[in-house]
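Each value in this text was obtained by applying a stated rule to the coordinates, not by laboratory testing. Model, not experiment: these values are computed from the prediction. With ideal geometry, Cβ positions are generated from the backbone for all residues, glycine too; neighbour counts draw on all protein chains shown.
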Amino acid sequence: MRTCNTCQHLKRPEIDRRLAAGEAVAQVARDYDLTVSSVHRHRVNCLKLGSSNDIKKEAARGSATVALLPSKETLSSAYADLRTRIDEIVAQAQQQGSLNVAITGLNSIRQTLDSLARLAGHLQPASTQVNVAVQNNINVGVVQIAERLIQKFDDEPELKARIAQALLEVDHDHRSP
């Protein structure tokens with residue numbers, strides 16, 4: 001089996017992107033100083049892509065599919081209707097004592113609307129970033145504090161024992177997951 005010249009080309013990723021976008025084989029071959037037949041074989045055998053026209057038709061179908069997705073306005077209206085229905089159903093369900101069934105159904109509708117909004121590209125993760133800087137200027141360690149407390153209350157053994165016990169509990173709590 002022969003080696004693919006296009007696969008060996010230094011700019012193969014760029015060539016692959018252009019072919020996948022549906023650019024004409026002849027134009028790509030000219031731009032990279034390759035033969036038309038080599039680029040054609042690469043597109044069909046290595047990339048398993050159809051013709052440029054097939055690729056463009058598929059892209060057009062994808063655009064048509066995206067165009068059929070609901071707009072922000074349609075989704076907003078659907079959410080407003082859902083909110084109204086939730087209020088009505090909750091009131092009715094509370095009167096009849098079947099709140100769980102009503103909420104389950106409404107949650108299913110909400111999830112469907114959320115999915116449609118994501119598909120349409122209307123819901124995107126928040127890009128807010130918050131940076132918090134904490135400056136710690138404490139020069140006294142926990143061990144030093146414990147030693148000072150024990151020394152300060154050396155003449156009061158009962159209080160000294162209670163402080164030691166409290167410090168042990170803090171240490172134990174800190175080490176426990």
Starting from the 7 Å offset along Cα-to-Cβ, what nm value, one decimal, do you get for the label separation of Arg148 and Leu116?
6.5
Given 0.36 nm per residue, what is the gain on full extension from Asp31 to Ala91 after removing their alpha carbon distance, in nm?
14.7 nm
Which of the lysines could a cross-linker bridge to Lys11, judged by Cα under 22 Å and excluding same-chain residues fewer than eight apart?
Lys48
Given an 8 Å cut-off on Cα distances and at least 6 residues of separation, report the relative contact order of region 5-67 as a percent.
34
